[in-house]
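Remarks on the structure that follows.
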Amino acid sequence: MVPLRGLLSGWPLGRIRARMRFLELLQNASSLSVVGADIMDGGYSRRDSVLRSQLLMMAGSLDVPSQILGFSWNGRANSIAQRALERVSKRTILNLRDPISFERIQSTACENTVLSADTVFALQDRLPAGEAKDWVDSQERCGRRIAVINTSGLLARRFDLDSEYRYITKALLGDGYSVVILPHVIRKGDDDLAAAVRLKEAYPGEDVFLVDRLWSPENVAWLASKASVVVTGRMHLAILSLGQGTPAITLASQGKVEGMLRFFELEKYAVEPRVGMADDIVRLIEFIQFDDAARRDEILSRLQVVVLDARKNFALTEEFPALQS
């Protein structure tokens, strides 16, 4: 692992040294894979999108095979970011991570587009989280089902949803669930933990468990495998849950969630974040609960294909076994 600080951040002059080192590394590289995620369409940052395209252009100039790992395309792409991607797509594989994004990008001049799935769907491992295992076991012994709630700090910047989360939690507790409040992102600017703490303060009983640190993806997958339902404002928590066959009601604001859920024909699990959303979410929980085995089976029946789609992201590097170490 070679950290290249400043390669995608900081002042332009500070990037020169990092780019020189990056070019040195490309001389002996078998391939270049860029994590695209949400940031190739300029929706969050035009600069971040263009800088990543520039790295791909550098790889192309040296005939290094390159690709962008599964990313979304929001349909309102920044024009400069789009033109930069169109230029590099002539020599770069573009892995779109959902059917809606794949359809949208066909209206651009981008080439070499592939319908894949989010790389996280390829995760196979689960690992119990020590601080929660005993609690989960005790709740299951009492005959209570487990529900997971994520209070997205990103959505909290746009909506005051605290009362909605309290309504959902109250409904779950009254229906025989025990609730885990799980932050998925803890960082300045869009911190999930602050809203999670407020929700726990509203329900201090033993039947509500607050996770106060970031878990590994394997820990989250383990919890999702124990849960009957997940309510989340973070898409990757939904992905980790669906990867265990667990229904994930997901707050959707940019179209990428609906695209991901289309793989499972479960677009109805996407809920617009707004005041009043709790009623819709509680109805969906009741729908899932009515026949939870059938809900899980319909997810698992489609999951194998989605996992194979996610593996497409690794096809380029798997041609070079040395890169897997």
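Only one entry of GLY153, GLY143, GLY233, GLY174 meets the criterion of being touching a strand residue (DSSP E or B) at 6+ places or on another chain (Cβ under 6 Å) and not hydrophobic (A, V, I, L, M, F, W, C), and that entry is GLY233.
Has segment 273-282 got at least one residue that is at pLDDT below 95, outside any helix (DSSP H, G or I) and open to solvent by 60 Å² or more (accessible area, probe 1.4 Å)? Among the residues of segment 273-282, at least one is at pLDDT below 95, outside any helix (DSSP H, G or I) and open to solvent by 60 Å² or more (accessible area, probe 1.4 Å), which makes the answer yes. Being β-branched (Val, Ile, Thr) and either closer than 21 Å to ARG104 by Cα or open to solvent by 30 Å² or more (accessible area, probe 1.4 Å) (or both), is that true of even one residue in segment 244-253? The answer is no, given that none of the residues of segment 244-253 is β-branched (Val, Ile, Thr) and either closer than 21 Å to ARG104 by Cα or open to solvent by 30 Å² or more (accessible area, probe 1.4 Å) (or both). Annotation note: Cβ proximity below 6 Å between a residue of segment 129-141 that is under 9 Å from SER178 (Cβ atoms) and a residue that is open to solvent by 20 Å² or more (accessible area, probe 1.4 Å) and not β-branched (Val, Ile, Thr) (sequence gap 6+ or interchain) occurs for TRP135/PHE209; VAL136/LYS226.
Among residues of segment 147-173 that are outside any strand (DSSP E or B), those with a Cβ under 9 angstrom from a residue that is hydroxyl-bearing (Ser, Thr, Tyr) and open to solvent by 40 Å² or more (accessible area, probe 1.4 Å), sequence gap 6+ or separate chain, pair up as LEU154/SER253; LEU155/SER253; ARG158/SER253; ARG166/TYR203; THR169/TYR203; LYS170/TYR203; LEU173/TYR203.
With respect to being closer than 19 Å to VAL257 by Cβ, part of a helix (DSSP H, G or I) and not small (Gly, Ala, Ser), ARG104 fits the description. For segment 179-190, filtering for residues that are closer than 12 Å to GLY233 by Cα and among the charged types (D, E, K, R) leaves 1. Checked against (1) modelled with pLDDT of 95 or more; (2) within 28 Å of ARG262 (Cα to Cα); (3) open to solvent by less than 50 Å² (accessible area, probe 1.4 Å); (4) not charged (D, E, K, R), ALA84 passes all but a single condition, namely (2). One residue stands out in segment 104-137 among those that are under 23 Å from PHE314 (Cα atoms) and of a type in the set (Asp, Glu): the one that is most open to solvent (accessible area, probe 1.4 Å), namely ASP125. Here GLU140 fits the description: open to solvent by 20 Å² or more (accessible area, probe 1.4 Å) and either assigned to a helix (DSSP H, G or I) or over 25 Å from ASP41 (Cα atoms) (or both). Quick check: is even one residue across segment 13-25 under 28 Å from the mean Cα position of the chain (by Cα) and open to solvent by 40 Å² or more (accessible area, probe 1.4 Å)? Checked against the condition, which is being under 28 Å from the mean Cα position of the chain (by Cα) and open to solvent by 40 Å² or more (accessible area, probe 1.4 Å), segment 13-25 yields no hits at all. Yes or no: segment 83-98 includes at least one residue that is among the small types (Gly, Ala, Ser) and under 24 Å from LEU115 (Cβ atoms). Yes: segment 83-98 contains one or more residues that are among the small types (Gly, Ala, Ser) and under 24 Å from LEU115 (Cβ atoms).
The values are calculated or read from the model by the stated rules, or taken from the named source; none is laboratory data. Keep in mind the model is a prediction, meaning the values are calculated, not measured. For neighbour counting, all protein chains shown are included, and Cβ atoms are generated from backbone atoms with ideal geometry for every residue, glycine included. Side chains are part of the model used for accessible areas, which takes the heavy atoms of the whole protein and leaves out ligands, DNA and RNA. Shrake-Rupley method; radii C 1.70, N 1.55, O 1.52, S 1.80 Å.
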